[in-house]
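Take a look at the structure set out below.
The values are calculated or read from the model by the stated rules, or taken from the named source; none is laboratory data. Everything quoted here is computed from the prediction, not taken from an experiment. Cβ: placed from backbone, ideal geometry, glycine included. Neighbour counts: every protein chain shown. Surface accessibility is based on the protein's heavy atoms, side chains included, excluding ligands, DNA and RNA. Shrake-Rupley method; radii C 1.70, N 1.55, O 1.52, S 1.80 Å.
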Amino acid sequence: MKPLLEDLKDAAMVAFFALLVFGPFVGLRLNDNAAGNLTLSSRPEALILAILACFLARMAMLTWQRHRPEQIAPGVGAQLQKSGRFVAPALLVFAVAMPLLPGLPNAYIDLGVLIMTYVMLGWGLNIVVGLAGLLDLGYVAFYAVGAYSFALISINFGLSFWECLPIAGILAAFWGMCLGFPVLRLRGDYLAIVTLAFGEIIRLVITNWVSLTGGPNGLMGMPQPTLFGLKFSMAGGPGTFAGFFGIDPTPGQRDAFLYYIILALALLTNWVTLRLRRQPLGRAWEALREDEIACRSLGINVRNTKLTAFAIGAFFGGFAGCFFSARQGFISPDSFTFIESATVLAIVVLGGAGSQLGVVLAACVMIGVPQMLQSLQIYRMLIFGIALVVIMIVRPRGFISTRRPTVSLGKARAIGAELISQGKG
């Protein structure tokens with residue numbers, strides 16, 4: 001009886017705060033009267049339903065936390081970890097074959113390009129957050145550096161996409177090292193604040209340096225990626241993809257080509273990450289993530305370890321920014337706000353920090369689901385937000401919360417989330 005009373009008290013407190021929050025927005029409405037003036041009316045039924053929904057949701061969450069079996073979360077995580085060897089190849093085959101499906105609308109290919117862009121960003125940030133354990137809230141800065149590097153170099157010097165791609169990555173990695181030096185002695189919340197400020201500084205610079213970046217008006221006129229010099233043009237003719245192969249030009253040809261470019265870049269990011277994870281550098285990242293003090297006591301150079309994590313993660317962020325700039329043909333500071341960093345970080349956390357497969361699943365949920373619910377308009381984000389809250393209650397450490405050490409004595413065994421007290425450490 002006592003736990004039930006505690007739950008009712010907690011849920012009642014939530015309902016009280018819901019009354020304070022929803023009262024002005026749900027309980028009141030502005031109407032036009034016959035004279036054309038605004039009048040204020042009340043909606044007590046809607047307000048009561050909103051408060052009751054919050055009360056019941058809080059009761060359901062508390063009941064779940066008290067009565068759920070202890071082995072559900074580890075069991076699901078272990079199953080997902082084991083099924084990864086089958087799910088990952090299946091997803092790869094589907095990703096390669098999707099643009100080739102007959103009758104597939106171009107809208108789905110565009111959605112696939114968007115999802116793969118965020119998968120690549122998630123894998124790049126996963127190096128910093130998931131492997132090295134460095135909380136980065138300004139990852140969009142490297143995304144912006146890559147995009148503007150390609151735009152400025154291609155417009156001013158006439159270089160192609162493929163020539164600018166490594167340059168954009170190198171410049172983003174350079175700025176990643178510039179961020180890493182001032183934050184070598186910071187960790188946790190302090191590191192997050194500094195990286196957040198770095199992202200905002202980059203956005204303000206590209207907004208106000210009008211003579212270089214175009215300011216709020218942005219830049220346009222970047223060249224499109226080519227296939228061995230063949231352009232994807234609807235006009236056809238010599239020097240184009242359709243003219244070379246003797247086929248009719250269609251918008252789907254360019255969309256499919258862009259899709260395979262971002263797929264190849266994402267797979268390159270994944271391959272490099274997996275290879276580095278098995279190297280001494282990757283093991284140093286994992287040691288840094290688990291305990292920085294113990295990492296220092298083992299003689300690991302923490303400075304170089306942090307700098308390499310920031311630089312390599314920023315390098316792939318620059319790749320993604322370069323592709324984004326080439327695909328859009330127009331960029332402006334509005335494309336590189338804090339919400340982009342928050343979205344990529346949410347993908348990493350929701351999928352499970354350090355998990356490559358988890359990032360893919362989370363990107364499909366975070367990016368694909370809202371796009372598929374466009375018909376619901378204003379309600380789609382409400383449904384999406386509720387779904388995220390439910391997922392984080394049921395799977396508080398992401399879709400794949402188990403960790404398998406790179407090196408182990410004897411048989412390698414995954415470390416489950418049950419070994420860590422949720423919310424207590």
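Values computed for the structure shown
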{"read-out": "Shape of the chain, Cα gyration tensor, a/c cut at 1.5", "value": "oblate"}
{"read-out": "Cα lying deepest toward the dipole's positive end in segment 218-370, options Val344, Leu281, Leu298, charges on Cβ", "value": "Leu298"}
{"read-out": "The chain - percent of accessible surface contributed by carbon and sulfur, probe 1.4 Å", "value": "68"}
{"read-out": "Lysine pairs within the chain, Cα separation less than 30 Å, 8 or more sequence positions apart or different chains", "value": "7"}
{"read-out": "FRET efficiency estimate (nearest 0.05) - Cβ-Cβ, Asn217 to Ile391, R0 35 angstrom", "value": "0.30"}
{"read-out": "Accessible area per residue, Å², the chain with all protein chains present, probe 1.4 Å", "value": "54"}
{"read-out": "Value of [θ]222 nm, deg cm²/dmol, for the chain, DSSP H segments ≥ 4, -39500 (n - 2.57) each, nearest 500", "value": "-22000 deg cm²/dmol"}
{"read-out": "Long-range HN-HN contacts of Thr337 with modeled amide H, under 5 Å", "value": "none"}
{"read-out": "Spin-label proximity, Arg66 to segment 1-42 - amide N less than 17 Å from point 7 Å beyond Cα toward beta carbon", "value": "1-15"}
{"read-out": "With DNA, RNA and ligands ignored, accessible area of Asp248 (1.4 Å probe; Å², nearest 10)", "value": "120"}
{"read-out": "Estimated inter-spin distance, Thr39 and Asn106, nm [label 7 Å along Cα→Cβ]", "value": "5.1"}
{"read-out": "Sequence of Cys322, Cys54 from largest to smallest accessible area, 1.4 Å probe", "value": "Cys54, Cys322"}
